[in-house]
Structures are given as structure tokens and as C-alpha cells.
1. What's the total number of residues in segment 177-191 that are at pLDDT 90 or above and more than 14 Å from residue 202 (Cβ to Cβ)?
2. Considering every residue within segment 209-218, establish whether at least one is within 20 Å of residue 236 (Cβ to Cβ), modelled with pLDDT under 90 and aromatic (Phe, Trp, Tyr).
3. Condition first: of a type outside the set (Gly, Ala, Ser), assigned to a helix (DSSP H, G or I) and open to solvent by less than 50 Å² (accessible area, probe 1.4 Å). Now tell me which residues in segment 152-182 satisfy that.
4. With the requirement that a residue be in contact with a strand residue (DSSP E or B) (Cβ under 6 Å, 6 or more places away or on another chain) and in a helix (DSSP H, G or I), what does segment 383-398 give you?
5. Filter segment 264-286 down to residues that are modelled with pLDDT of 70 or more and of a type in the set (D, E, K, R) and give me whichever is farthest from residue 323 (Cα to Cα).
6. Does any residue of segment 309-320 turn out to be open to solvent by 40 Å² or more (accessible area, probe 1.4 Å), over 17 Å from the mean Cα position of the chain (by Cα) and within 25 Å of residue 145 (Cα to Cα)?
7. Sort out which residues of segment 337-382 are crowded, with 16+ Cβ neighbours inside 10 Å, in a loop (DSSP other than H, G, I, E, B) and hydroxyl-bearing (Ser, Thr, Tyr), and write them in order of number.
8. Would it be correct to say that residue 345 is under 30 Å from residue 10 (Cα atoms), modelled with pLDDT of 90 or more and either among the β-branched types (Val, Ile, Thr) or touching a strand residue (DSSP E or B) at 6+ places or on another chain (Cβ under 6 Å) (or both)?
Amino acid sequence: MVYQSPAGARDLLPLDVAQKHWVEERLQQVFHRWGYHRIITSTLERLDTLMAGGAIQRSAVIQVQDSEEELGLRPELTASIARTAVTRMAGTTFPQRLYYNANVFCRTSDSHNRQLEFYQTGVELLGSEGLLADAEVLLLLAECLNELGLHHWQLILGEAEITQSLLSSFPATWRDRVRLAIAQLDRVTLETLPLSEELRARALLMLDLRGNPADVWQKVTQLGLDAPQQAALHRLKSLIEILGRCFSVDSNQKRQNFPVILDLSMIRTFDYYTGIVFEVIGDTANQPRILGQGGRYDRLLELYHPQGKTIPGIGFVLNTEDLQQALQSTHQLPQATPASHWLVVARSPTAYAAAFAYAEKLRHTPEIRVEMDLGDRQPEEIRTYARQRRIQQIAWLQDDGSAEIETLDRS
């Protein structure tokens, strides 16, 4: 029907927008302090761009009809930013620190959630690899959450290189089944797959490589790691040590440990991750909620580079709407749209020009909101309107341009 929005679409009303802006503005302040610059990429992308690196399945993309090429609405931003960085920012100095506020469009497999449009805020740190870059992104993520006043969160940290390497010991015919079962925490499937006792024990141990980092280190040593796996594990240990030393103090000036849970069984659906992968989990009304996720992708940008040049990258995305839900219980979000400061009223039709001029003068003051009364109302109706809109000052304009200022009480 013409009077209904499409299935899966959302309309944001003024209060929704005010709350969304409150979140984005505070995150933007953090990004600026860390030297990140905003980038805006096209909402439309070529389908092969979106699907490069195994980032997304074709069925998840909302496609757009075009006679010349296959196009789709972006379901995430990393692929678009990677394409932009190597095709539009040639010769740039690395590292590049970029952030975005954007809407994305994606069909989900959850039949109970028909929402198609989502809002995301995130960063991409391009052109830098190694321990310090990983630490910067995770500490930046922590500061974003603290800036919003969200203190009950945990970082679930994995390492794609270690996990993929551990999976390589399984027969190729069963590797994807094992991978999927671990990703879905499906112990039953792992116990019934036709694997040797040794491999089944290995799969079940991988499933349990989650918890306090010290406990996970102890378990993983039972897997007989080779030299590359041990090197990756050492980098992960060093990263967690840096996070522990550099994590900021809380509002009571008491130092806390970085709230990290190590999960070497974490398997992300995106295939382009090459190093650390992570999710941040918040406690919303005593229910865990994924607030964001991210990871390192050192081979993604070469897929778009004209000469196939390798440029490392790492980033994270925060789900704006999930952040808003998590913030509802903190009572920090705006509970009403901003009120206007002034209502300008012409006493007669011949005072309209004077009223517009007076309103324009008031608007020269930064951050001042000024409304014009549009006529056909009695004075008491005007006052009632102003009180309902929380406007405290009315300027009654005479023909000669003089103004009588009335300050309303809050009753």
C-alpha cells in the first residue's frame, strides 16, 4: 500500500534521530582525538566488489536492477573503503585513519527479523600491521564505549590465523563441517562426525578454547603447536599485555583490567580476516548483546589494487541501534527533541516583515533555535503552544519593529 513503508524499512522520528545523533557525536569526538578522518563511500557498489574476499553472500545483498552491470546496496563498509583506498587514494601517505557513520542494507537469515536497513559507526586503520596497530584499534574501541558511559562490556578476542591453522589438521572432506560446528558451538555434531578419536578430541578441545586468557594458554599447549602457531600465540599474549597496561581508568579513577575473554574457537563468517578477530558484548537488561565486531584483514585491499599490492588493514564496526538500546537504561540519551529558545510573533499582518527580521537577528547567535508563529492564533493559544514545546521566551513584534519580550513560567 502507498501509505506503508516497505517491509524491512524503518522511519526514524525526530527523537530517534536526536538519540542517534547523541551517540554518533560522542563517537566522532573520540575518533577526532585519535586522528581519524571521516570517509563517505557510495551506497551502491558493484556486486563483485561487495563479494570480494568472501565478505558477503550474494543472497544477503539487496540488488539493484541495472542494464549494464550487477549492483547492490552495501551490506557493510569495509569492502567499500578498501576499494576507495586503493583506487581513489593512490599515492597517499600511510597509515590512513578513517571512520564512518553510515546506513547499510542486508538480508539476514533470521526469519524473525525482517529489518533490512541498519546504521553503523566504525573505523579502518589502513597501511599498518603489527602489535601497535592492533592495540590502537582495541584501545580506541574501549574508549568509544567508555565515552558513551557503557562500562559493563567484554571483548571476545580470537585469532583467525591460529584457528585456521588448527583446522588444517582435519581431513579436507570434513574441515568445513568441523569449522561450521565450532562456529556454531555445536558439540553434538563434533561428537558424531566420522573422525578419529584423536581428531575428535582435538575438535572438542578447540571448542573449549574460550575463557580467561591464562586458562586458554594452558589448554592450547595441549594441541602441540608448530613454530608459526607459537609465534602467533606469542603476538596475542603481547597484545593482551599491552591492553592490560594501557587500559584507561574508570570514572572513579580506579584502574581496571581490560575486560577480555580469549576465544581461539572464534570463527567469523567473513573469510578475509587474517589476524585478530573480536566481538564486543554489552549487557542490556541482563541480556548479552553484540555491540560491535572487527578484525585484521591484511589481504583484502590487494583484491582491489590495480597491481595487486598488499596493504594491511584492521578495523571495527559498532552497531548504532544496539548502542542506543544498551544506553536506554543509563538515562543518558535525550528523552525529548531539543526545544526552541524563542517564538517570534507578529502582532499584526503589517508586522510580518519586522518579525522575520527579528527572528533572523536572533538566529545569528550560535546554537539558538528560533520559531516563527505562522498566524491565525489567539495570544493564549500561542502561549499554550510555546509551553507544550518548552519554549520559554516569546517576542511580540510591533509594526515599528519594537519587541515585547515575554518569559513563560515552566508550569
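The values are calculated or read from the model by the stated rules, or taken from the named source; none is laboratory data. Treat the numbers as computed from the prediction; the structure is a model and nothing was measured. Here the Cβ is made from the backbone with ideal geometry for all residues, glycine too, and neighbour counts use every protein chain on show. Ligands, DNA and RNA are excluded from the accessible area calculation, which covers all protein heavy atoms including side chains. Shrake-Rupley method; radii C 1.70, N 1.55, O 1.52, S 1.80 Å.
1. Total meeting the criteria: 2.
2. yes
3. 162, 163, 166, 167, 178, 182
4. Selection gives 386 alone.
5. Top of the filtered list is 279.
6. Within segment 309-320, not a single residue is open to solvent by 40 Å² or more (accessible area, probe 1.4 Å), over 17 Å from the mean Cα position of the chain (by Cα) and within 25 Å of residue 145 (Cα to Cα).
7. Once the filter is applied, which keeps residues that are crowded, with 16+ Cβ neighbours inside 10 Å, in a loop (DSSP other than H, G, I, E, B) and hydroxyl-bearing (Ser, Thr, Tyr), segment 337-382 yields only 340.
8. no
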